Ligand code: BJW
């Protein structure tokens with residue numbers, strides 16, 4: 001049984017990491033054009049690096065919750081059958097024990113050289129003066145996918161979605177593409193599609209089955 005699990009910010013909400021579009025979400029406090037676009041980074045790189053340094057500090061202090069842990073148990077019980085495609089840049093799935101995790105929007109713990117594309121482990125506090133270990137340029141940026149950039153591993157994700165029998169979306173508002181289109185692709189390919197979310201999302205109608213409530217409750221209940 002091939003199972004693809006798409007996760008979004010809602011799965012990490014109960015670990016204390018903010019979502020983006022909820023009423024107290026990050027995009028109510030920050031202008032996404034300024035902190036999550038290449039143009040914003042070009043205008044004010046220090047603002048963007050500070051934003052991600054604060055997010056990284058929150059992530060370091062956070063712990064996986066019952067939803068992350070349930071997904072790790074699912075994978076352990078079904079070796080080779082489960083892949084998590086996460087939009088999240090935190091590492092809570094990995095810290096819960098999940099091994100098959102694709103981070104389509106990048107990772108807070110990774111730095112990217114804007115000059116040569118080299119990646120390396122990000123320090124807890126990134127600085128614009130950091131030199132790339134490969135080419136030496138001082139063009140370090142957070143290794144995250146901003147609006148207008150192409151998400152990572154899209155070919156592998158498309159293959160896994162086309163081949164899956166069960167597709168589950170957890171804690172995502174379904175407002176950001178191409179992630180938001182994956183459920184419809186899975187359904188077209190014949191998968192049974194399940195939404196686990198606090199409340200109905202933009203794409204709820206795509207799913208065969210919907211369960212609403214906090215991830216720490218609905219995810220373990222679905223897994224067990
Ligand atoms: C709970 C809960 C609890 C709360 N329990 N649940 C017009 C139409 C269509 C597309 C476009 C368009 N104009 C532009 C586009 C493209 C654009 C896009 O989609 N824009 C939309 C805003 C319209 N997309 C892009 O630019 C992407 N690239 C692209 O399209 O390239 C072209 C291409 C692609 C593929 C092939 C070829 C070409 C890139 C998108 C990059 C997104 N980046 C961000 C920030 C970077 C990472 C970071 O800083 O963390 O990624 S934006 C932000 O949104 C972040 C997230 O990963 C992403 C998704 O958010 P998510 O996870 O869904 O969070 P929320 O807050 O929206 O929702 C939380 C949900 O949880 C809610 O439903 C709550 O109810 C729920 N919840 N508590 C369970 N306790």
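The values are calculated or read from the model by the stated rules, or taken from the named source; none is laboratory data. On a predicted model such as this, the values are computed, not experimentally measured, just so you know. Note that we place each Cβ from the backbone using ideal geometry, even for glycine, and neighbour counts take in every protein chain shown.
Looking only at strands (runs of 3 or more DSSP E) that fall completely inside region 153-224, which ones have 3 or more residues that are surrounded by fewer than 20 Cβ atoms within 10 Å (Cβ to Cβ)?
Of the strands (runs of 3 or more DSSP E) lying wholly inside region 153-224, those with at least 3 residues that are surrounded by fewer than 20 Cβ atoms within 10 Å (Cβ to Cβ) span 209-212.
Testing residue 49 on (1) touching a residue at least 60 places away in the same chain (Cβ under 8 Å); (2) within 30 Å of residue 162 (Cβ to Cβ); (3) within 16 Å of the ligand (Cβ to nearest atom), one condition comes back false. Which one is that?
(2)
If I ask for residues that are out of contact with any strand residue (DSSP E or B) (no Cβ under 8 Å at 6 or more places or on another chain) and more than 16 Å from the ligand (Cβ to nearest atom), which ones from region 82-122 would you list?
95, 97, 99, 115, 116, 117
In region 61-73, is there at least one residue being away from the ligand (no atom under 15 Å from the Cβ), over 16 Å from residue 14 (Cα atoms) and either touching a residue at least 60 places away in the same chain (Cβ under 8 Å) or buried (at least 16 other Cβ atoms within 10 Å of the Cβ) (or both)?
Among the residues of region 61-73, at least one is away from the ligand (no atom under 15 Å from the Cβ), over 16 Å from residue 14 (Cα atoms) and either touching a residue at least 60 places away in the same chain (Cβ under 8 Å) or buried (at least 16 other Cβ atoms within 10 Å of the Cβ) (or both), which makes the answer yes.
Here is a check on your reading of the model: is residue 80 within 30 Å of residue 162 (Cβ to Cβ), in the same structural domain as residue 222 (by TED's automatic domain parsing), modelled with pLDDT of 95 or more and in a loop (DSSP other than H, G, I, E, B)? Let's see the steps before the verdict.
Working: within 30 Å of residue 162 (Cβ to Cβ): yes; in the same structural domain as residue 222 (by TED's automatic domain parsing): yes; modelled with pLDDT of 95 or more: yes; in a loop (DSSP other than H, G, I, E, B): yes.
Yes; evaluated as a whole, the condition is true for this residue.
Please verify whether residue 94 is on the phi < 0 side of the Ramachandran plot, part of a loop (DSSP other than H, G, I, E, B) and assigned by TED's automatic domain parsing to the domain that holds residue 200, treating the condition exactly as stated.
In short, no.
Within the set of pairs 6+ apart or on separate chains, which have a first residue in region 195-213 that is at positive phi, a second that is surrounded by 15 or more Cβ atoms within 10 Å (Cβ to Cβ), and C-beta atoms under 9 Å apart?
Partner pairs satisfying both residue conditions: 213/196; 213/197; 213/198.
Is it the case that residue 30 is out of contact with any strand residue (DSSP E or B) (no Cβ under 7 Å at 6 or more places or on another chain), within 11 Å of the ligand (Cβ to nearest atom) and not assigned by TED's automatic domain parsing to the domain that holds residue 219?
Taking the combined requirement at face value, the residue satisfies it.
Here are 17, 6: which of them is within 17 Å of the chain's Cα centre (by Cα), part of a loop (DSSP other than H, G, I, E, B) and within 10 Å of the ligand (Cβ to nearest atom)?
Numbers: 6 fails: part of a loop (DSSP other than H, G, I, E, B).
Exactly one of 17, 6 is within 17 Å of the chain's Cα centre (by Cα), part of a loop (DSSP other than H, G, I, E, B) and within 10 Å of the ligand (Cβ to nearest atom), namely 17.
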